[in-house]
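Structure record follows, encoded as structure tokens.
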Amino acid sequence: MNKLPQWADVVLVPLISLLLAALVAAIVLLAIGQSPTAALGIMVKGAFGSANGWGYTLYYTTSFIFTGLSVIVAFHAGLFNIGGEGQAQLGGLGVALVCLALPWPHWTVALLAASLGAAVFGAAWAAIPAYLQAKRGSHIVITTIMFNYIASALIVYMLVDVLRPAGQMDPASARFPAGAKLPALSDMPFISEFFARMNPDGTPKLTKAGLQMYSNVPANVTLFIALAACLVVWLLLWRTRLGYQIRAFGKSEAASKYAGINPVKITMIAMLISGGLAGMMAINNVMGSAERLLQNSAEGAGFIGIAVALMGRNHPLGVLLAALLFGFLYQGGAALGLNTTIPIEMRVVVQGLVILFTGALDQMVRMLLVWVFGFGRKAVA
Amino acid sequence: EPAIIFDLGGKFDKSFNEAAFNGAEKWAKETGGTYKELEMQSEAQREQALRSLAEDGANPIIMTGFAFGDVLNTVAPDFPDTKFGIIDMVVEQPNVKSVVFTEDQGSYLVGMMAGLASKTNTVGFIGGMDIPLIRRFGCGYAQGVKAVKPDATVILNMTGTTPAAWNDPVKGAELAKAQKSQGADVIYAAAGGTGVGVLQTAADEGILSIGVDSNQNYMHPGKVLTSMLKRVDNAVYEAFKEGEELKPGINVMDLKAGGVDYAMDDNNAALVTPEMKAAVDAAAEKIKSGELVVHDYMSDNSCPAGSF
Amino acid sequence: MDYETLMQIFGSTVRLGTPLLLACLAGLFSERAGIFDIGLEGKMLAAAMAAGSVAAMSGSAWIGLLAGIGASLIFSGLHGLASITFRGNQLISGVALNFLSSGITVLVAQALFGQGGRTPPLDGAARFNPITLPFAESLQDVPLIGPLYYQVISGHSILVYAAVAFVPLTWWVLYRTRFGLRLRAVGENPAAVDTAGVSVVGLRYAALAITGVLCGIAGAYMATALQAGFGREMTAGRGYIALAALIFAKWRPWQALGATMLFGFFQALALRPDVVESIARFKVPVSMLDALPYILTVLVLAGFVGKAIPPRAGGEPYVKER
Amino acid sequence: MVATANNGGRQATAALTPYAIELKGISKAFGPVQANKDINIAVPRGTIHGIIGENGAGKSTLMSILYGFYRADAGEVYINGKLTPIPDSQSAIRAGIGMVFQHFKLVQNFTVLENVILGAEDGPMLNTSLAKARKVLGDLSREYEMDVDPDALIEDLSVGHQQRVEILKALYRQADILILDEPTGVLTPDEADHLFRILNGLKDQGKTIILITHKLREIMEATDNVSVMRRGTMVATVKTAESSPESLAELMVGRKVLLEVEKVKATPGAVVLAVENLRVKDDDGIERLKGVSFEIRAGEILGIAGVAGNGQSELLEALGGIARATGRITLKGVDLPLVGLAANGQTRRAAGIAHVPEDRQHLGLIMDFSAWENVAFGYHNDPKYQKNAVFMDNDALRADTERKMATYDVRPPIATLAAKNFSGGNQQKIVVAREMEQNPDLLLIGQPTRGVDIGAIEFIHKQIVALRDAGKAILLVSVELDEIMSLSDRIAVMFDGQIMGTADPETTNERELGLLMAGVSGKA
Ligand SMILES: Nc1ncnc2c1ncn2[C@@H]1O[C@H](COP(=O)(O)OP(=O)(O)OP(=O)(O)O)[C@@H](O)[C@H]1O
Ligand SMILES: Nc1ncnc2c1ncn2[C@@H]1O[C@H](COP(=O)(O)OP(=O)(O)OP(=O)(O)O)[C@@H](O)[C@H]1O
Ligand SMILES: [Mg+2]
Ligand SMILES: [Mg+2]
């Protein structure tokens, strides 16, 4: 196979894949009688055109960073964790149980405890598939898919029969106590100025009491935790012994055994970290935004993590950028749904296309590039 | 510009949301105005949908379904200048209008109709999501049946415990088949999109069905006995008409106020004998006058006429 | 639970098991040829949309069926392109196609009918209506046999009977024909097939084509027989359950029938919590019943219910030159 | 004549040329590797033609091109004097070519019969094909004395029998030209003899046979002509009768070969490793190592000889902590754990055992890791590579790697280059450097010079001897008898998971070792 220079492989291949995905998406739009350029305009405006839009874009980005990181940690161990969705839902359950357990004195304490709850529950949900893979060779892809379904059944059970407050009709937990409320970006010093609400004439919008009004955005402190998680995952994978062992195991299980790396241990640890990261997404959506546990709280972010990881070339920095891209796509897609007749499902289509081109047809893209560049025409004699 | 948010199940569920949609359309046609609309896809989107519309300056914003209650409670105070309307739920905020219906009364009437039409002395009820609101439908229905046939059997089933129950026609169809095999020959579906499956199966199996919320008689002409009308369309229409002057507070739409009713049209004319109609109309009058009180399940979470 | 109720539940088992069976057989062909296909769900969904839409527009369920098969074949072709021609990751390709399908079906249905990603309800010739077998009505009251015949055997759409017929057919093709021999071989050791002078690529595409056809029928059944029209996400994870059933059946046709009907039975039970409660004598959460097929599959995968050995070359693209 | 199973449209052979096969100007590159360069060769009809060459010389590639498995980048194939394009195996089969691959191409859970008819069925239904094949197969096996149960599953057959199935497969397709790629590598000498009887029988029937082998003895005994390949080129084709093993070896390597290793007599010290009744089962529960006992002393090299697959790999894996075992292993008087979590490569390394695995690409290296990451492989917990309790010291690791690369003359000496981008020989040097520089008490070294060039062979051999002279114990496993004989201070021969016997390299010869390797006890 002709080789591309590394920079082309790292930068060009995902970019071309993305372009191809965009191209096909445009064709789809044309086919249903819509204008791709107009759609893109609305998406950009919806995602970046207003402080409120940014608030949502960053909110989604935060979630996708967690699930993307979750997928790459498993990927580096050679495991394809499709179970992020279920793990994130369980993470939500962990957050809810923690938040509802006590009247938390301050959000920092609550955040610490809830993060732990989220990570532990997410990890626990990954533990069984991991164990079955490590010990009994059950294919982790299938088991994690099954666990996604089992998770949603479990959450339904918890919401309908256990956590639903008496007298409430919709299956949801009670609201979290005020002490567990995380500061949104719009509540934070300095940053909040960005989210000031304006009147149509450009003057600041004031409350009746004459105070500045701010958009209440869902993006919250979790964003900073997500950024830190990127750094931690990078350090973990490329600077620690554990990361070394995870990567070695992912590249070659046989060689790892030779080196004395315990496959069961690494499979378990990698999946627990992966599940924990997916679970931690729940701090963002459940604790930071919804402030109660809802059915299907993860809203597919677990699956988007796959696209984010593929797009991000399995690197935390790539994940960060890809998560922002998907944050844009999600908020932009919501804007499409709100402002046009294009169904919001457009973003699912794009998501599918990105996974298809970056994950499954990458060889095609590479061959295309080799052909375009004329690389490696002359073999080393 | 007013806006409306449809709940899971979507605006073309032939039933609850579609009724709301029809109301909005009626307003648009009459006034030539435009409105924004949104369909919910997932539980977690509610807040964003609400906030987006409010930020965009939509006013008033109407939402269909009790599930918005909790979210509206937190969003409404952030937009004191915007008016909100919610159907099927009471939200006590200074800028929110809550519209609720007396489904027990309407269901009582169609229950009577079912009891009179049944030959097997067994009738069925298929609810959507198992919540007190839907039990109120079932309970009113059972009372109506028992009022005309005290020894009749009323089979009460629910589709599920989550909002997915509003949109599961397959399950609706299977439940209808099950009820038929237990002898039911009239089935009342109060289950949003799920009801489509119930009505379809009833028609396939040659038994009668009763629609809900919208007039669903047309869906299988000659096979739908009647529909329990819940005038969500009127509620939305009124709200849009009031516009930014939407009056906050609770608005109970009962039989007397025209909030609920049963449907008669060409499609079911052959199914309803004049005697049946007379009996039902008489009962309706009594309810309006207060002479007849239908037990409301939600008042004490129990039903004298049947068990769920 | 009385006999009548049991028969009624068996009846719905058959109806609910049929799409699982079709999808399971579809997966059987592709996985036996060495191509993992977690895209069954997406193919079914695409087929359901195409079948529902075309049936609505043409008024003919049969034309709808063809359209469903066509749509599913397109997805099969894409999967083949990614995983056979370009030797991409089969799992990722399957995941991608599922997303693509989930979104695009709504887009197309919305563009065609403007009803929130749904087709209008179908009736008459636009649906595959139940067929009442001879004497079903008159035998109904014969003890034991009557209800069995009337509820379980009679009264299904033609696609149900076709699906059941596909089981022996699949068995026969797999074990009694040249094509079957080669198909099984290519899933075990493609190099053996290649060096025997048979095209690996050709065989694998052929297998995917069959997968496409069967998923197409499954999707069409969903939209034009089980239900009266297409609705978004209407396959509701059945593709994954079929996959689970395939593992449960250890990639064998008759066992596939058993596994899908078992899972269909769970689904039928989940529709009747009242019956379950009367047997169990306590309130069984419906969600637990919903989760049962998945839990069972995990147990199978874990090797507690017999070991499932997948086709040896499964999941790996056939690469001659590294 | 044998009843024909396949009467496909083969051309009547125009006997204008005496050559069954002529290859002209064949070239083939795998990415940057030029496996075949402008190769010309002609094989006379009715002869056995040998092909020899070092590992990686391109022999298998050339034959796979002839069989249509790979497509040549350039060049032409003539069969019986007729230009015959062979784009795929189907065309090769049609042209009367059959091939037995180095790695068999059989479907493990099919029966013999099913494997034989695969691709050569008579019609869309199987029953007629199967019935006919059963008869033809019976005739063929009688004719060539190749007994196989047609209904046995391949996975239940021995390697020798599997090879017979491959040959029958070719004959069933009426091959006139039979290619065998290293057929005796997996056979005992007895089985090999039987194979050569079959081949001679086929030759007598006018069939043409191409035989790839590393064993010069087989070439000298069985072939009429022999071609020699070196680094992708065809360097010579000679009549076997006019050549000698020495001249062939020289052609193969490109210069005079001196396989003698210079070393002084060993002065063994205390026992370092004692193995008692060691047993290993594989994943399927089959016992691969059936009770092995031996000792190695300090300053001594114990060579393990044997046909590949007789338990040598399992022995190395058990000692290296990769495979679970029963019995007893004592290192310098201390018992090593054989099962449980403590039995792993880490604890073995800590105890002082270094291990150069037989298969460097599969076990010894992570091909996608850089050279410096590979130098830490297995020693990643070593304190000298740690910066603190949390992080590894990658800088120290890189510096250490550069030092090792210089000492072992690894080319190119770039520590950040990925392992896969080094040539095979240099990959081996990285592994050897890593393991030997740990200064272990015991070195396990498997196939140390497989695929390594002559210069590197000499270097690695010298290092092994130097380590011995430094008073370390060494267990050497190799299928190359020459290597075993020249390096070892003592030789043990393995057969069927057991040690058949031991020999003194000073006094033994290939014949004696060969008998032991075939499972015939030498001193019977
Ligand atoms: N499928 C392949 N893809 C990429 N490279 C290959 C492939 N097969 C062989 N090569 C490379 O081509 C070269 C020639 O390999 P080949 O297998 O023909 O050697 P050989 O002479 O048969 O060696 P051996 O004696 O070890 O069998 C080697 O460098 C090898 O790594
Ligand atoms: N996949 C690859 N990518 C880049 N370079 C490669 C690759 N494989 C081999 N090379 C380079 O090509 C050259 C030839 O490699 P090859 O393995 O054929 O060497 P070789 O001639 O067999 O050497 P040795 O005798 O040491 O095994 C090496 O210098 C190596 O660096
Ligand atoms: Mg070879
Ligand atoms: Mg080499």
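The values are calculated or read from the model by the stated rules, or taken from the named source; none is laboratory data. The structure displayed is predicted, hence computed values, not measured ones. Because the Cβ atoms are built from the backbone with ideal geometry, glycine has one as well, and the counts that use them run over all protein chains shown. Areas reflect the complete protein model, heavy atoms only, side chains present, ligands, DNA and RNA absent. Shrake-Rupley method; radii C 1.70, N 1.55, O 1.52, S 1.80 Å.
Tally up the residues in segment D:383-441 that are within 16 Å of ligand 2 (Cβ to nearest atom), open to solvent by 40 Å² or more (accessible area, probe 1.4 Å) and part of a helix (DSSP H, G or I), please. Going through segment D:383-441 one residue at a time, the tally reaches 2.
Does D:Leu516 count as open to solvent by less than 20 Å² (accessible area, probe 1.4 Å), farther than 21 Å from D:Glu358 by Cα, under 20 Å from the mean Cα position of the chain (by Cα) and of a type in the set (A, V, I, L, M, F, W, C)? So D:Leu516 fits the description; yes.
If you check B:Ala176, B:Ala203, B:Ala191 for being aliphatic (A, V, I, L, M), within 19 Å of B:Asp261 (Cα to Cα) and within 14 Å of chain C (Cβ to nearest Cβ), only one passes: B:Ala191.
Candidates in segment C:199-225 are the residues that are open to solvent by 20 Å² or more (accessible area, probe 1.4 Å) and touching a helix residue (DSSP H, G or I) at 6+ places or on another chain (Cβ under 7 Å); of these, the one that is nearest to the other protein chains (Cβ to nearest Cβ) is C:Val201. Residues in segment D:459-479 that are within 16 Å of ligand 4 (Cβ to nearest atom) and open to solvent by 30 Å² or more (accessible area, probe 1.4 Å): D:Phe459 only. Are there any pairs with C-beta distances below 6 angstrom linking a residue in segment C:259-274 that is closer than 13 Å to C:Pro19 by Cα to a residue that is aromatic (Phe, Trp, Tyr), with the two at least 6 apart or on different chains, and if so which? Here the result reads C:Ala259/C:Phe248, each pair linking segment C:259-274 to a residue that is aromatic (Phe, Trp, Tyr). D:Glu480 satisfies every condition listed in (1) more than 16 Å from ligand 3 (Cβ to nearest atom); (2) within 27 Å of D:Gly321 (Cβ to Cβ); (3) more than 14 Å from chain A (Cβ to nearest Cβ) except (1).
Results for (1) closer than 27 Å to A:Glu345 by Cβ; (2) open to solvent by 70 Å² or more (accessible area, probe 1.4 Å); (3) within 27 Å of the chain's Cα centre (by Cα), shown as yes or no for each residue.
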| residue | (1), (2), (3) |
| --- | --- |
| A:Trp7 | no, yes, yes |
| A:Ser17 | yes, no, yes |
| A:Leu20 | yes, no, yes |
| A:Leu23 | yes, yes, yes |
| A:Gly33 | yes, no, no |
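Candidates in segment A:336-358 are the residues that are open to solvent by less than 10 Å² (accessible area, probe 1.4 Å) and under 18 Å from B:Tyr35 (Cα atoms); of these, the one that is nearest to the other protein chains (Cβ to nearest Cβ) is A:Ile342. Scoring D:Lys462 on the criteria (1) within 16 Å of ligand 2 (Cβ to nearest atom); (2) in the same structural domain as D:Gly320 (by TED's automatic domain parsing); (3) charged (D, E, K, R) leaves a single failure, condition (1). With the condition kept exactly as written, say whether any residue in segment C:230-245 is facing another protein chain (nearest Cβ under 8 Å), among the hydroxyl-bearing types (Ser, Thr, Tyr), part of a helix (DSSP H, G or I) and in contact (Cβ under 8 Å) with a residue 60 or more places away in the chain. Scanning segment C:230-245 turns up at least one residue that is facing another protein chain (nearest Cβ under 8 Å), among the hydroxyl-bearing types (Ser, Thr, Tyr), part of a helix (DSSP H, G or I) and in contact (Cβ under 8 Å) with a residue 60 or more places away in the chain.
This table checks each residue for (1) within 14 Å of chain C (Cβ to nearest Cβ); (2) within 16 Å of ligand 2 (Cβ to nearest atom); (3) over 17 Å from the mean Cα position of the chain (by Cα).
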| position | (1), (2), (3) |
| --- | --- |
| D:Val165 | yes, no, yes |
| D:Ile179 | yes, no, yes |
| D:Thr208 | no, no, yes |
| D:Thr213 | no, no, no |
| D:Glu221 | no, no, yes |
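Here the helices (runs of 4 or more DSSP H) wholly within segment A:65-166 that include at least 2 residues being at pLDDT below 90 and over 19 Å from the mean Cα position of the chain (by Cα) are A:107-136, A:140-157. Going by the conditions given, is D:Gly303 in contact with a strand residue (DSSP E or B) (Cβ under 7 Å, 6 or more places away or on another chain), within 14 Å of D:Leu475 (Cα to Cα), touching a residue at least 24 places away in the same chain (Cβ under 8 Å) and not assigned by TED's automatic domain parsing to the domain that holds D:Glu182? Yes; evaluated as a whole, the condition is true for this residue. Taking segment D:62-111 as the range and being among the β-branched types (Val, Ile, Thr), touching a residue at least 60 places away in the same chain (Cβ under 8 Å) and either outside any strand (DSSP E or B) or more than 16 Å from ligand 3 (Cβ to nearest atom) (or both) as the test, the residues that pass are D:Ile79, D:Ile93, D:Ile97. Do any residues in segment B:184-203 that are over 21 Å from B:Gly115 (Cα atoms) have Cβ atoms under 8 Å from those of residues that are modelled with pLDDT of 95 or more and surrounded by fewer than 24 Cβ atoms within 10 Å (Cβ to Cβ), where the two are at least six apart or on different chains, and which pairs are they? Close Cβ pairs satisfying both conditions: none exist. Scanning segment C:46-98 for residues that are open to solvent by 10 Å² or more (accessible area, probe 1.4 Å), touching a residue at least 40 places away in the same chain (Cβ under 8 Å) and not hydrophobic (A, V, I, L, M, F, W, C) gives C:Ser58, C:Gly59, C:Ser60, C:Gly70, C:Gly77, C:Thr85, C:Arg87, C:Asn98. Within segment D:112-121, if we keep just the residues that are of a type outside the set (A, V, I, L, M) and assigned to a loop (DSSP other than H, G, I, E, B), the residue that is farthest from ligand 2 (Cβ to nearest atom) turns out to be D:Glu121.
Each residue in segment D:116-130 was checked for being under 26 Å from C:Ile309 (Cα atoms) and either open to solvent by 20 Å² or more (accessible area, probe 1.4 Å) or facing chain C (nearest Cβ under 7 Å) (or both), and 3 pass. Among the residues here, A:Ser173 qualifies as farther than 30 Å from A:Glu253 by Cα and surrounded by 23 or more Cβ atoms within 10 Å (Cβ to Cβ). Each residue in segment D:443-480 was checked for being part of a helix (DSSP H, G or I) and away from ligand 1 (no atom under 16 Å from the Cβ), and 13 of them qualify. Taking the condition open to solvent by 40 Å² or more (accessible area, probe 1.4 Å), within 21 Å of A:Phe66 (Cβ to Cβ) and of a type in the set (Lys, Arg), does A:Arg247 pass? Here the answer is no, as A:Arg247 does not meet what is asked.
Quick one: in segment D:36-62, of everything that is of a type in the set (A, V, I, L, M) and buried (at least 22 other Cβ atoms within 10 Å of the Cβ), which residue is farthest from D:Ala20 (Cα to Cα)? Of everything passing the filter in segment D:36-62, D:Ala57 is farthest from D:Ala20 (Cα to Cα).
Which one is surrounded by the fewest Cβ atoms within 10 Å (Cβ to Cβ), of the residues in segment B:37-62 that are more than 7 Å from chain A (Cβ to nearest Cβ) and part of a loop (DSSP other than H, G, I, E, B)? The qualifying residue surrounded by the fewest Cβ atoms within 10 Å (Cβ to Cβ) is B:Gly57.
Tell me which of these C:Thr119 doesn't satisfy, since it passes every other one: (1) touching a Cys at 6+ places or on another chain (Cβ under 6 Å); (2) outside any helix (DSSP H, G or I). In the conditions (1) touching a Cys at 6+ places or on another chain (Cβ under 6 Å); (2) outside any helix (DSSP H, G or I), C:Thr119 misses (1) alone.
Condition check ((1) in a helix (DSSP H, G or I); (2) at positive phi; (3) within 12 Å of another protein chain (Cβ to nearest Cβ)) across all residues:
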{"site": "A:Gly260", "(1), (2), (3)": "no, yes, yes"}
{"site": "A:Lys265", "(1), (2), (3)": "yes, no, yes"}
{"site": "A:Ser274", "(1), (2), (3)": "yes, no, no"}
{"site": "A:Ser289", "(1), (2), (3)": "yes, no, yes"}
{"site": "A:Ser297", "(1), (2), (3)": "no, no, yes"}
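Restricting segment D:39-74 to residues that are within 16 Å of ligand 4 (Cβ to nearest atom) and within 14 Å of chain C (Cβ to nearest Cβ) leaves a set whose member that is farthest from D:Thr449 (Cα to Cα) is D:Thr61.
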